[in-house]
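S.K.: Pasting in a structure now, in structure tokens, and then I'll have a few things to ask.
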Amino acid sequence: MKLRPVLLVVLLLAGFYFVTTHMASTGALRPLLDDLHSANSATNVAMLRGSDGAFDLNVASAAPAFDGEEQQNIAVYKKALPSVVNITATEVRYDFFYGPVPQSGQGSGFILNKDGLILTNNHVIGNAQPGNISVVLYDKHQYKATVVTVDKSHDLALLKINAPNLIPATLAGSSSDLQVGQKVYAIGNPFGLEGTMTRGIISAIRSVRGPENNPIEGAIQTDASVNPGNSGGPLLNSRGEVIGITTMIASNGAEQSAGIGFAIPIDTAKTVLDDYAKYGRIRRPTLDVVTLRIVPDIAEQIGLPADYGVLIERVLPGGAAEKAGLHGGTERAYEGNVQVMLGGDLIVAFDGKEIPSPEDLSAAMNARHAGDTVTVTVFRGRKKMDFKVTLGDAKDQAPGSQA
């Protein structure tokens, strides 16, 4: 009976020896030992002492490595931030008693070149007087800005500052190949909080009306959080290249982000900048026509040969359309309480591309320049015809729904 405890002890020792030597030789213990070593090496114990006693804290001995997504976010921010500026514009308005009341607005912008050209939204600077626009760089230096030119129809403004060592933004090669779902980043000064970056995706690409009721063709819709003060700042792709100019939010009534923001595509801005480089001002291309949107119901009512397109109500005297031989309407009719002119040419294509709506026509023209010759396809009655039209300059357009 006395041998039983001894045998039990021998068996336990033999089993322990076998398990430890076998697992060590096969490497099975290594993950456990590594985990224990990592746990001990990743944290240090720090003791805090005070009048109320002492207690221990586990403190990491080193910052963990950033994952791939974090590294990309940081890289985009570091690349783009030096090019983003904060813009403050002071506009003088008058109260009921004609007393001057200065009002300041804030927005964002980004540096285009080392000469100090800065792109922003026209509504950011509003009607600010010369000398009342200031630009703050990422390094906190402040400069007075002058307005070089504006394009109200696209809600864009070009400013200039005299400052050394400027870092220009990198513009994307094109915004025409953007895809819904791709990641985007917005950097700006929401609510005056300079250098703020948010991230999201492209939610849609659609035509919308801008802050000044101007049409924005191919606007980039994003769920990246944008708020008042982001206007004029860059919308970036994952390489830190500017694909758009953040311009407005779909507000929920509280003037704050509702997860729907819009940006002007960079291709539109490039066209505007190209005009400025060539002519020293913006030359917006136009057909010099007043138009009416055609939808299937209207097309059926008035007997048109197509249920889409843009009907020419009126051609402006001496304008591009009149010179090319296009016709406006000759028959008065009413759409609700609004008088319209029927019987004109129905535009259905522009340089071979189908034109379903006035927004599509505007988008097609914005890809061209004043003075370019294009092919406009129309129905005149039931006959389909092509016309060569040299696009006019929209600087002196009369009021109306014009293209």
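Nothing in this text is a laboratory measurement; each read-out follows from the coordinates by a stated rule. Computed from a prediction, not measured in an experiment: that's the story for all the values here. As a convention, Cβ positions derive from the backbone with ideal geometry for all residues, glycine included, and neighbour counts pool all protein chains shown.
S.K.: Applying 1/(1 + (r/R0)^6) with R0 = 35 Å to the Cβ-Cβ distance of residue 129 and residue 213, what FRET efficiency is obtained, to the nearest 0.05? Working shown, then result.
M.R.: Working: r = 24 Å, r/R0 = 0.68.
E(calc), rounded to 0.05, equals 0.90.
S.K.: Work out Dmax and Rg for the stretch 197-242 from the C-alpha atoms and quote the Rg first, both in angstrom.
M.R.: Rg then Dmax for the stretch 197-242, in Å: 11.2, 32.
S.K.: While we're on this one: Suppose the chain between residue 332 and residue 63 were pulled fully straight at 0.36 nm per residue; how much longer would it get relative to their current alpha carbon spacing?
M.R.: Full extension from residue 332 to residue 63 adds 89.3 nm.
S.K.: What's the ranking of 306-315, 121-130 by average number of surrounding C-beta atoms within 10 Å, highest first? Write down the numbers at each step before the final one.
M.R.: Numbers: 306-315: 22.0, 121-130: 19.0.
Packing proxy ranking, top to bottom: 306-315, 121-130.
S.K.: Taking the alpha-carbon centroid of each part, what is the distance from the stretch 303-345 to the stretch 160-205 in angstrom?
M.R.: 40 Å
S.K.: Given N residues in the stretch 183-279, what is Rg(Cα) / (2.2 N^0.38 Å)?
M.R.: Working it through for the stretch 183-279, the quotient is 1.04.
S.K.: Now, a different point. Would you list which aspartates and glutamates come within 16 Å of residue 278, measuring only between C-alpha atoms, while excluding same-chain residues fewer than 8 positions from it?
M.R.: Of all the aspartates and glutamates, those that pass the test against residue 278 - Cα under 16 Å, at least 8 places apart if same chain - are 151, 372, 393.
S.K.: Which of the lysines could be linked to residue 353 by a straight reach, that is with a Cα gap under 16 Å, when you skip same-chain ones fewer than 8 residues away?
M.R.: Candidates past the 8-residue exclusion: 384, 388.
S.K.: May I pose another question? Mean 1/r over all different Cα pairs, inverted: what Kirkwood radius does the stretch 309-365 give, in Å?
M.R.: 12.2 Å
S.K.: In straight Cα distance, which lysines are under 18 Å from residue 140, not counting same-chain residues fewer than 8 positions off?
M.R.: 78, 79, 114, 160
S.K.: Could you tally the net charge around residue 201, taking each other residue with its Cβ under 10 Å from the Cβ of residue 201, Lys/Arg +1 and Asp/Glu -1?
M.R.: Taking every Cβ under 10 Å from that of residue 201, the sum is +1.
S.K.: Show me the ranking of peptides 343-352, 365-374 by mean Cβ neighbours inside 10 Å, starting with the highest.
M.R.: Sorting 343-352, 365-374 by mean packing, highest first, produces 343-352, 365-374.
S.K.: Extension gain residue 205-residue 79, at 0.36 nm per residue separation less the Cα-Cα distance, in nm? It would help to have the intermediate numbers written out before the result.
M.R.: Working: separation 126, 0.36 × 126 = 45.36 nm, distance 2.56 nm.
Taking residue 205 through residue 79 to full extension adds about 42.8 nm, to one decimal.
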